[in-house]
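The values are calculated or read from the model by the stated rules, or taken from the named source; none is laboratory data. Computed from a predicted model, the values in this text were never measured in an experiment. Backbone-built Cβ (ideal geometry, glycine too); neighbour counts: all protein chains shown. To get the accessible areas, we keep the full protein, side chains included, count just its heavy atoms, and leave off ligands, DNA and RNA. Shrake-Rupley method; radii C 1.70, N 1.55, O 1.52, S 1.80 Å.
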Amino acid sequence: MTWTTNQPPYTCPLAVSWCHCALVTPLTDWPQDEHLDVLGAEGSREWDLNVLPNSNATDHLVFETVHSLLQRWPNTRMRNGHTIVPGVIPTGTIFYHATGQTKIPEGRGWVAASPEHAYYFCQDELYNGPHECWFFAVATTRPIKVVYFDGNSAGFLPYGTFDTQDLFLKDQLSPDKNISEWDRAHGICDWGKDFNVDGIVSEVILCDTASAIREIFSINLALPGPHGLDYSRSFVPFESVHAGSWQNYFPGEIRVQLDLARLVSFYDTQLAPSLIAVRAGQERWDHRAGNISNEDFSALKSRLEENLVLPPNQSSGIDWRALVHVIVDRFADRFELIQYLLSSSATDPGEIIDVANKTQTQLRIMLNPYLYLSAVPTDPSNKAALDWAVPIYKLCATAYTSFTESELNLMTESEKSILQAVRGVSRETCRVVTKMWAAGVYAGIDDKLNRKESLDIAEITGLRHTWAEDLNRLMTWLDWNVWIKCNPVCDPEEICYLPTLPISHRGANGPFPADPSEPGGSLNGFDGRSDSEDLFREGCQA
């Protein structure tokens, strides 16, 4: 594996005990290539196969944000949210609530996506009084208009997870005030009144429970007897995490329907240019939306408010989420396979050639739809001449955007931002794949073009290293969360887990709920800046 994160994946057993899986292996800095240049905003080198994306470009960040919406795994990993999206929870959607009271409090209140998550919020009542846990199943009584904040703001983690929400409270609270979850809920609900916003989704908070949900049934889980909820056992926090893992990957939380035509992103460099210089050189999990200038936030907030009052049919109608996922589905597994092939330590000439042949085959398969018959090397001995491959690169790079660009006049400003992200990712993905394939053609290992009967092993070995550098650079830039996995694969009675509340760090016997009384314990959850690396050793514990 070749991806890095300061939140290592862990496994946790479903029915046995806490454990965790291996850290992914860190990727070294991008290798330098004297033949590569950096593409500016415009210029005559637009389709040059040796030109890298602009270092300030955020196309890949917007793209992966869209790909990750409403999915727990990527939003736990990239915990500092940068995207706000209006959406709707349909009528009749089932949620859950638990409290020490005999009825759901009216006014602003939370609902949980699973019973297991709801149980967790009874712990204060069970420990401190009134020693009861009333569990409620509820249903929405009408469409609930919500605003979704991506990232892991519901995890109560430091260093930026609340930034996108707290910005809405800047005019309501003094700078030195410690902002609570309910300050945020009240502040955002108060702001949303003018736009008929009914709730917030990070966890689901409703602005008025009485008008939004109806009780289906309730039961007291703290009554003595064989069926009472026993908080002395660790299954409650773990099962909360286990239930949350059902939304780890696409399609994620399907009970919330987002309108991507009204998305606003702090990665939009036209909306938030003040963040460009601030995040330069930073790892993505260190990006802070809170560093935005007041002027830029006013513009971004205005865009969101305009989007909230747009008529529902005022957009192109393009399914942006589907488009992004189609692109990831096409390339993600093949890139992993090629990376696996290129990681071979083979020294035998036959094995080296076999790896090269398999890699070239995968590259050709990805480019097959775009291979013009006229695209052949004009001078097979001049390996630096890549003009002949540019039509392939261009067709590949525009295949997913040529139609959508024809609908530009129907798009909202938010859709244009997503289109630019798809365009940028498609361009860089196809540039690298085309360049790698063309290098294989020159080396004489392509089945259809310029095949050589006698291969130079030293040349093929060098090609393998060049391929690995190009692919690793691309995958690091794309940083798709589908590549972040526990390795080795977890056992059937385990789940792969990224540290966050309620199981935030690891002790001698594995991960457990944070305890401030224990050395290293914290109610703020996991943060890789301060925890000892010894706490996150690889391995599964029985």
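In segment 433-469, how many are out of contact with any Phe, Trp or Tyr (no Cβ under 6 Å at 6 or more places or on another chain) and open to solvent by less than 10 Å² (accessible area, probe 1.4 Å)? Going through segment 433-469 one residue at a time, the tally reaches 12. Scan segment 241-272 for residues that are touching a strand residue (DSSP E or B) at 6+ places or on another chain (Cβ under 7 Å) and among the small types (G, A, S) and jot them down. Scanning segment 241-272 gives S245, S265.
If you go through segment 394-429 and keep only what is in contact with a Leu (Cβ under 8 Å, 6 or more places away or on another chain), open to solvent by less than 10 Å² (accessible area, probe 1.4 Å) and within 21 Å of W467 (Cα to Cα), you end up with C396, V425, T429.
If you check I318 against the conditions, is it in a helix (DSSP H, G or I) and either surrounded by fewer than 17 Cβ atoms within 10 Å (Cβ to Cβ) or in contact (Cβ under 8 Å) with a residue 24 or more places away in the chain (or both)?
So I318 does not fit the description; no.
Scanning segment 321-347 for residues that are open to solvent by 30 Å² or more (accessible area, probe 1.4 Å), over 17 Å from S402 (Cα atoms) and of a type outside the set (K, R) yields D329, D333, E336, L337, Y340, S343, S344, S345, T347. Looking only at segment 317-373, residues that are within 26 Å of K452 (Cβ to Cβ) and basic (K, R) come to 3 in all. When G244, G252 are screened for being buried (at least 18 other Cβ atoms within 10 Å of the Cβ) and not in a loop (DSSP other than H, G, I, E, B), only G244 passes. Of the residues making up segment 91-117, those that are outside any strand (DSSP E or B) and on the phi < 0 side of the Ramachandran plot number 15.
Checked against the criteria, D48 does not count as touching a strand residue (DSSP E or B) at 6+ places or on another chain (Cβ under 8 Å) and at pLDDT below 90. Considering the conditions (1) in a helix (DSSP H, G or I); (2) within 27 Å of T404 (Cβ to Cβ); (3) aliphatic (A, V, I, L, M); (4) at pLDDT below 95, L310 is excluded by exactly one of them, (1). Only a single item in (1) among the hydrophobic types (A, V, I, L, M, F, W, C); (2) modelled with pLDDT under 95; (3) part of a loop (DSSP other than H, G, I, E, B); (4) closer than 26 Å to V62 by Cβ is not met by A272, and it is number (2). Selection of segment 68-85 for residues being open to solvent by 10 Å² or more (accessible area, probe 1.4 Å) and either touching a strand residue (DSSP E or B) at 6+ places or on another chain (Cβ under 8 Å) or free of Cβ contacts under 8 Å to residues at least 40 places away in the same chain (or both) yields only L70.
In segment 189-208, the residues that are free of Cβ contacts under 8 Å to residues at least 40 places away in the same chain and open to solvent by 10 Å² or more (accessible area, probe 1.4 Å) reach residues that are of a type in the set (A, V, I, L, M, F, W, C) and not in a loop (DSSP other than H, G, I, E, B) with C-beta atoms within less than 6 angstrom, at least six apart or across chains, in these pairs: W191/F168.
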